[in-house]
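Undergrad: Following this message is one structure expressed as structure tokens.
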């Protein structure tokens with residue numbers, strides 16, 4: 001399990017910049033937890049603190065009940081991918097992994113196993129400087145898996161992967177969680193997170209914005225609508241009208257209603273004997289729910305299409 005309590009990181013002297021601000025969360029084993037946030041939200045800084053690469057200004061974080069540096073054999077406890085290309089370019093994939101393996105007494109057979117798992121067996125003898133971005137990502141993931149750790153922390157693991165590679169990492173993460181491991185993964189690909197993650201931790205400007213399941217986050221985002229088809233659409237519109245309710249129509253007898261739920265609409269219609277031919281909640285995508293939540297936390301925003309300059 002990963003725990004962060006009051007995690008804070010400030011940079012600078014007279015005018016410090018707060019990258020992470022009082023962040024507290026838990027990442028439990030057996031699930032894939034998506035770590036999301038806009039650029040500059042503090043995700044990478046948080047991951048670096050989890051791994052002992054940056055010291056927190058305040059607060060603390062533990063992995064498996066202790067700080068990362070306190071683990072006597074960290075590769076067997078935590079597998080991490082923060083920067084896949086931070087590898088000596090003159091080394092081969094095989095020798096890079098063997099160098100890591102020697103530090104923990106990991107046998108050569110395990111190196112061969114992770115090369116096979118990540119699809120790198122055929123290029124194991126090639127120097128890393130000739131690797132594509134996707135191959136470099138696969139090597140970084142191989143290193144993270146090397147010690148068969150109980151916790152995985154991966155920053156943008158699908159970056160540079162082709163569709164087959166994206167599907168592979170998705171299935172890999174799910175399999176790792178199914179075996180009881182703790183999996184924390186950051187990504188900007190909301191479509192991928194929607195089918196990979198079970199739980200979400202979302203931050204903005206270094207602060208926690210949401211800590212919930214994917215299903216609940218999308219359901220409770222408040223940006224979904226309800227499609228209603230009724231021969232008395234005009235009358236229903238009058239009954240549901242209110243400052244928080246938005247009702248539009250793109251066809252006679254058809255309403256798109258926001259600001260209230262299907263239960264209230266159905267109850268109101270029944271109370272006034274209004275027939276309904278259709279009453280269908282229209283769920284939003286994870287991407288839209290994420291954008292709605294984080295729009296005030298974006299460090300460098302761009303104008304929305306159609307907005308005034």
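The values are calculated or read from the model by the stated rules, or taken from the named source; none is laboratory data. The structure displayed is predicted, hence computed values, not measured ones. Here the Cβ is made from the backbone with ideal geometry for all residues, glycine too, and neighbour counts use every protein chain on show.
Undergrad: Scan (1) more than 30 Å from residue 154 (Cα to Cα); (2) loosely packed, with under 14 Cβ neighbours inside 10 Å for the single condition residue 228 breaks and write down its number.
TA: Just one mismatch for residue 228, condition (2).
Undergrad: Restricting the search to the range 248-302, which residues are within 11 Å of residue 225 (Cβ to Cβ), in contact with a strand residue (DSSP E or B) (Cβ under 8 Å, 6 or more places away or on another chain) and in a loop (DSSP other than H, G, I, E, B)?
TA: Within the range 248-302, 259, 260, 261 qualify.
Undergrad: Moving on to the next point. Can you go through 170, 127, 110 and tell me which one is over 28 Å from residue 26 (Cβ atoms), touching a helix residue (DSSP H, G or I) at 6+ places or on another chain (Cβ under 7 Å), free of Cβ contacts under 8 Å to residues at least 40 places away in the same chain and assigned by TED's automatic domain parsing to the domain that holds residue 72?
TA: When all the criteria are applied, what remains is 110.
Undergrad: Would you check if there is a residue in the range 89-110 being buried (at least 20 other Cβ atoms within 10 Å of the Cβ) and part of a loop (DSSP other than H, G, I, E, B)?
TA: Yes, there is a match, as at least one residue in the range 89-110 is buried (at least 20 other Cβ atoms within 10 Å of the Cβ) and part of a loop (DSSP other than H, G, I, E, B).
Undergrad: Restricting attention to the range 44-58, and to residues there that are at pLDDT 95 or above and under 19 Å from the mean Cα position of the chain (by Cα), which single residue is farthest from residue 181 (Cα to Cα)?
TA: The extreme case among them is 45.
Undergrad: Tally the residues that are in a loop (DSSP other than H, G, I, E, B) and buried (at least 18 other Cβ atoms within 10 Å of the Cβ), restricting the search to the range 161-186.
TA: Quick first cut of the range 161-186, residues in a loop (DSSP other than H, G, I, E, B) only: 161-162, 179-181.
Applying the additional criterion that residues be buried (at least 18 other Cβ atoms within 10 Å of the Cβ) yields 161, 181.
Number of matching residues: 2.
Undergrad: If a residue counts only when it is surrounded by fewer than 21 Cβ atoms within 10 Å (Cβ to Cβ) and in contact (Cβ under 8 Å) with a residue 12 or more places away in the chain, which strands (runs of 3 or more DSSP E) contained entirely in the range 1-87 have at least 2 such residues?
TA: Numbers: elements: 2-11, 17-27, 32-36, 58-63, 78-81.
Filter on the range 1-87 gives 2-11, 17-27, 58-63.
Undergrad: Okay, next question. Any idea which of 29, 38, 89, 16 is within 27 Å of residue 174 (Cβ to Cβ) and modelled with pLDDT under 95?
TA: Going through 29, 38, 89, 16 in turn, just one is within 27 Å of residue 174 (Cβ to Cβ) and modelled with pLDDT under 95: 38.
Undergrad: Going by what's in this entry, would residue 192 be described as out of contact with any helix residue (DSSP H, G or I) (no Cβ under 7 Å at 6 or more places or on another chain), assigned by TED's automatic domain parsing to the domain that holds residue 157, free of Cβ contacts under 8 Å to residues at least 60 places away in the same chain and surrounded by fewer than 22 Cβ atoms within 10 Å (Cβ to Cβ)?
TA: Taking the combined requirement at face value, the residue does not satisfy it.
Undergrad: Related question: Taking the conditions exactly as written (assigned to a helix (DSSP H, G or I), out of contact with any strand residue (DSSP E or B) (no Cβ under 6 Å at 6 or more places or on another chain) and surrounded by fewer than 19 Cβ atoms within 10 Å (Cβ to Cβ)), does residue 234 satisfy them or not?
TA: On the way: assigned to a helix (DSSP H, G or I): yes; out of contact with any strand residue (DSSP E or B) (no Cβ under 6 Å at 6 or more places or on another chain): yes; surrounded by fewer than 19 Cβ atoms within 10 Å (Cβ to Cβ): yes.
The answer is yes for residue 234.
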